[in-house]
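Engineer: The structure under discussion is supplied below as structure tokens; questions concerning it will follow.
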Amino acid sequence: MLLKSIISLSRRQKSSILMAIDLLLVPLSFCLALVLLNEGTALLPLLRAHVLEQPLLIAEAGVLSSLLGLSRIKLREYQGEAVGRSAVLASVLAITSAVQSNLAAVEQSPGLHVVFGLLYFTVFFFTRLTLTQILTAIYRNSRTLSRVAIYGAGRTGMALARELRDSDDFVVCAFLDDNATLAGMTMNGVPIHSGVHAARVIEQYKINQVILAMPSVSTDKQTFLSQRLEKLGLQVHSLPAFTQIHGGQELLDLMRPVGAAALLCRDPLNHELTAGRNAYRDANVLISGAGGSIGLELCRQVVACRPKTLVLYELSELALYNAEAEMRLLAEATGVEIVAVLGSVADRVQVMQVLERYGIDIVLHAAAYKHVPLVEINARAGMANNVLGTAVLARAARDAQVKRFVLVSTDKAVRPGNLMGASKRLAELIVQDLAARPARTVFSIVRFGNVLGSSGSVVPLFQEQIARGGPVTLTDERVTRYFMTIQEASRLVLLAGSFAEGGEVFVLDMGRPVKIIDLARRLIETSGFTVRDARNPEGDIEIVTTGLRPGEKLHEELMVRKGAQTTAHPKIISVREDHLSELATAAALRDLREAIDRGSDTDVIAVVARAVPEYAPQSLPASALQCQVVQAQRTEQAADLPAE
């Protein structure tokens, strides 16, 4: 009831109350000054001697306070310049009091007016601070207002906190930040806490809403934070890039919910998967490509399973540094040993050393070059990493008697229309070949489509284009893709790997394919903008079609053969794909190594065409070489067939 009464006061009423308090402080401060300077002396005669000055001082204080605008400054904004204005008011009142006493020839103690001015400023300052603390405490314990924590104590977080001070609907209770050096500090009176202790902070301040103010952080990291905070029963919002914040819109207008349901048009699988966790508990797990989008999320999910050791194997130094820093924070509460290894999966010596040194039980192989246009024009590098790297790591896992090896694959491996997809299909064939031989290691493959927010995917690209004001570029209006969240895909990869028996190709149920143009429209709308097109020429952002890129298909598939079987989880399907013989696999790897050593893209493509018969490069100018080589290879193979 008290809070509702305070909120319902008009701005003028609030200013009047503050003015009344400021005026009452004048006689109070003067009396305190007399008491301090005339201890042991009868005060009543002194008060009578100065009684005529008080009404004049109060009137002067009212005029000066109005001119300085002190009563119009909100309590939450009383800092910096506002404190300086109150010091000016106190100084002028002290001077005025001295002048009036001299004109009235009133006897006074030396320094009375100086002490009066200092006391007035001190009482004024602490009264404002006390009122601020009282109101903040009322707001924080109220269910009427939204109690907010800002995740990110950088420039964007500071700007947001300043704007929220002007809102009567929010109160900022705390900052959360992953930078441990900021923990324990305060910013504009708001405490900063480590993001690791989010649950404790939320309970302490009874927070019901978190705003992610970290525009420079990757989409997958923001999604991960959002999922973690939503589990605590919070509303989570995010802000766009800082450049967009300076475009004239207020920060509160740019806040938007974080979540994948609006983009996927279905409820994503966000709950924890308890089944299969025991397969990773107390195990020594190695994740290749640990700094990538999928690899990093796999690391997060595996740490939650409480393995004994988690080895982060990564080629990129920066990605490995960031992954290790995050994993060490997550592992603090679980006691998981985190090991960072910088190197290539194609380095057999290093791979064997790591597998043996840490007694690896499970390998999750997520390292791969996956950007279709880049692999298309860098055939040797793509094949060396995606194919030969897989062969080295898988064979080393077999030789080290690793219990389980899981290859993370892609829907682009099905009837591949580009070199990236062909490289992943060839990697699948290598793993299938090893699974067909007697060994202690259980080999399996998990295949899925696009992942929302992963590096190089359309969602971060569209979001960046939207932040710049458009246009959003689309290759073709007919293009469709399967999508999952990173959390969904990673959890299902771990689950599928846990109940594999050997040789399975697990396909994740991705739901219905999503039209990319619809995805672009939803991203624009959830960002608070409208689409500019023929029906809405006054819209904010235009969608422009640029044409299919080299190797890009209109529609992707998840399996070749029919007859898929269900598994213990409804979103995981098991399929049996055709694979090469042991001799054909060995020949393909030998030929591929020789072609890569010769430095010939033409020879590399020819090897791929022989090993992956379903490889059909798209007929685009940039793929002309692939088309010619594959056609020649097909002709040569047909000529070698015996005549009937």
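The values are calculated or read from the model by the stated rules, or taken from the named source; none is laboratory data. Owing to the predicted nature of the structure, the values given are computational and were not obtained by experimental measurement. Here the Cβ is made from the backbone with ideal geometry for all residues, glycine too, and neighbour counts use every protein chain on show.
Engineer: Across the range 132-156, which residue is modelled with the lowest pLDDT among those that are assigned to a helix (DSSP H, G or I) and touching a strand residue (DSSP E or B) at 6+ places or on another chain (Cβ under 6 Å)?
Structural biologist: Initial filter on the range 132-156 (assigned to a helix (DSSP H, G or I)): 132-140, 155-156.
Still in the list and also touching a strand residue (DSSP E or B) at 6+ places or on another chain (Cβ under 6 Å): 139-140.
Details: Tyr139: 59, Arg140: 56.
So, considering only residues that are assigned to a helix (DSSP H, G or I) and touching a strand residue (DSSP E or B) at 6+ places or on another chain (Cβ under 6 Å), the one modelled with the lowest pLDDT is Arg140.
Engineer: Please find, among Gly551, Gly539, the residue that is surrounded by fewer than 19 Cβ atoms within 10 Å (Cβ to Cβ) and either at positive phi or modelled with pLDDT under 85 (or both).
Structural biologist: Details: Gly551 fails: surrounded by fewer than 19 Cβ atoms within 10 Å (Cβ to Cβ).
So the residue among Gly551, Gly539 that is surrounded by fewer than 19 Cβ atoms within 10 Å (Cβ to Cβ) and either at positive phi or modelled with pLDDT under 85 (or both) is Gly539.
Engineer: A further question on this structure: Taking the condition out of contact with any Ser or Thr (no Cβ under 6 Å at 6 or more places or on another chain) and modelled with pLDDT of 90 or more, does Ala616 pass?
Structural biologist: Details: out of contact with any Ser or Thr (no Cβ under 6 Å at 6 or more places or on another chain): yes; modelled with pLDDT of 90 or more: no.
No; evaluated as a whole, the condition is false for this residue.
Engineer: Say we look at the range 1-55 and pick out the residues that are of a type in the set (Asp, Glu) and assigned to a helix (DSSP H, G or I); which of these is modelled with the lowest pLDDT?
Structural biologist: Looking only at the range 1-55, we keep the residues that are of a type in the set (Asp, Glu), and these are 22, 39, 53.
Filter once more, so that each one left must be assigned to a helix (DSSP H, G or I): 22, 53.
On the way: Asp22: 83, Glu53: 71.
Checking each candidate, the answer is Glu53.
Engineer: Of everything in the range 590-618, what is closer than 19 Å to Val372 by Cα and of a type in the set (S, T, N, Q)? Give them in sequence order.
Structural biologist: Thr602, Gln618
Engineer: Do we find a residue being assigned to a helix (DSSP H, G or I), touching a Gly at 6+ places or on another chain (Cβ under 8 Å) and surrounded by fewer than 24 Cβ atoms within 10 Å (Cβ to Cβ) anywhere in the range 499-515? Spell out how you get there, then give the answer.
Structural biologist: As a first pass, look at the range 499-515 and keep what is assigned to a helix (DSSP H, G or I): none.
Within the range 499-515, none of the residues are assigned to a helix (DSSP H, G or I), touching a Gly at 6+ places or on another chain (Cβ under 8 Å) and surrounded by fewer than 24 Cβ atoms within 10 Å (Cβ to Cβ).
Engineer: Looking for whichever is modelled with pLDDT of 80 or more and surrounded by 15 or more Cβ atoms within 10 Å (Cβ to Cβ) here; the options are Leu583, Leu589. Which one fits? So that I can check it myself, show each step before the final result.
Structural biologist: Numbers: Leu583 fails: surrounded by 15 or more Cβ atoms within 10 Å (Cβ to Cβ).
Answer to the check: Leu589.
Engineer: Right, next: Only one residue in Val351, Val406, Val431 is β-branched (Val, Ile, Thr) and over 15 Å from Gly503 (Cα atoms). Which one?
Structural biologist: Details: Val406 fails: over 15 Å from Gly503 (Cα atoms); Val431 fails: over 15 Å from Gly503 (Cα atoms).
Only one candidate qualifies: Val351.
Engineer: If I ask for residues that are more than 28 Å from Val451 (Cα to Cα) and either outside any loop (DSSP other than H, G, I, E, B) or of a type in the set (D, E, K, R) (or both), which ones from the range 352-366 would you list? Explain how you work it out, then say what you get.
Structural biologist: Step one: of the range 352-366, the residues more than 28 Å from Val451 (Cα to Cα) are 352-359.
Those that are more than 28 Å from Val451 (Cα to Cα) and either outside any loop (DSSP other than H, G, I, E, B) or of a type in the set (D, E, K, R) (or both): Met352, Gln353, Val354, Leu355, Glu356, Arg357.
Engineer: Can Lys370 be described as of a type in the set (D, E, K, R), in a loop (DSSP other than H, G, I, E, B) and under 31 Å from the mean Cα position of the chain (by Cα)?
Structural biologist: Numbers: of a type in the set (D, E, K, R): yes; in a loop (DSSP other than H, G, I, E, B): yes; under 31 Å from the mean Cα position of the chain (by Cα): yes.
Judged against the criteria, Lys370 is a match.
Engineer: Ok, one more. Does Ala213 count as surrounded by fewer than 21 Cβ atoms within 10 Å (Cβ to Cβ), modelled with pLDDT of 80 or more and within 19 Å of Asn179 (Cα to Cα)?
Structural biologist: Numbers: surrounded by fewer than 21 Cβ atoms within 10 Å (Cβ to Cβ): no; modelled with pLDDT of 80 or more: yes; within 19 Å of Asn179 (Cα to Cα): yes.
Spelling it out, it is not the case that Ala213 is surrounded by fewer than 21 Cβ atoms within 10 Å (Cβ to Cβ), modelled with pLDDT of 80 or more and within 19 Å of Asn179 (Cα to Cα).
Engineer: Okay, moving on. Residue by residue through the range 447-498, note down the ones that are among the charged types (D, E, K, R) and at pLDDT 80 or above. Steps first, please.
Structural biologist: Pass one, the range 447-498, residues among the charged types (D, E, K, R): 447, 464, 468, 476-478, 481, 488, 491.
If the condition is that a residue be among the charged types (D, E, K, R) and at pLDDT 80 or above, then Arg447, Arg478, Arg491 are the ones that fit.
Engineer: With farther than 21 Å from Gly292 by Cα and surrounded by 24 or more Cβ atoms within 10 Å (Cβ to Cβ) as the only criterion, which of Val406, Val402 stands out?
Structural biologist: On the way: Val406 fails: farther than 21 Å from Gly292 by Cα.
Every option except Val402 fails the conditions.
Engineer: Ser194 - would you say it is out of contact with any Phe, Trp or Tyr (no Cβ under 8 Å at 6 or more places or on another chain), at pLDDT below 75 and hydroxyl-bearing (Ser, Thr, Tyr)?
Structural biologist: Details: out of contact with any Phe, Trp or Tyr (no Cβ under 8 Å at 6 or more places or on another chain): yes; at pLDDT below 75: no; hydroxyl-bearing (Ser, Thr, Tyr): yes.
Answer is no for this residue.
Engineer: Restricting attention to the range 280-298, which residues are small (Gly, Ala, Ser) and either farther than 17 Å from Ala500 by Cβ or not assigned by TED's automatic domain parsing to the domain that holds Glu501 (or both)?
Structural biologist: Once the filter is applied, which keeps residues that are small (Gly, Ala, Ser) and either farther than 17 Å from Ala500 by Cβ or not assigned by TED's automatic domain parsing to the domain that holds Glu501 (or both), the range 280-298 yields Ser288, Gly289, Ala290, Gly291, Gly292, Ser293, Gly295.
Engineer: Tally the residues that are surrounded by fewer than 24 Cβ atoms within 10 Å (Cβ to Cβ), out of contact with any Phe, Trp or Tyr (no Cβ under 8 Å at 6 or more places or on another chain), hydroxyl-bearing (Ser, Thr, Tyr) and farther than 22 Å from Ala180 by Cα, restricting the search to the range 283-331.
Structural biologist: Looking only at that region, the number is 1.
Engineer: Ile287 fails exactly one of the following numbered conditions: (1) at pLDDT below 95; (2) part of a strand (DSSP E or B). What is the number of that condition?
Structural biologist: Only one criterion is unmet by Ile287, namely (1).
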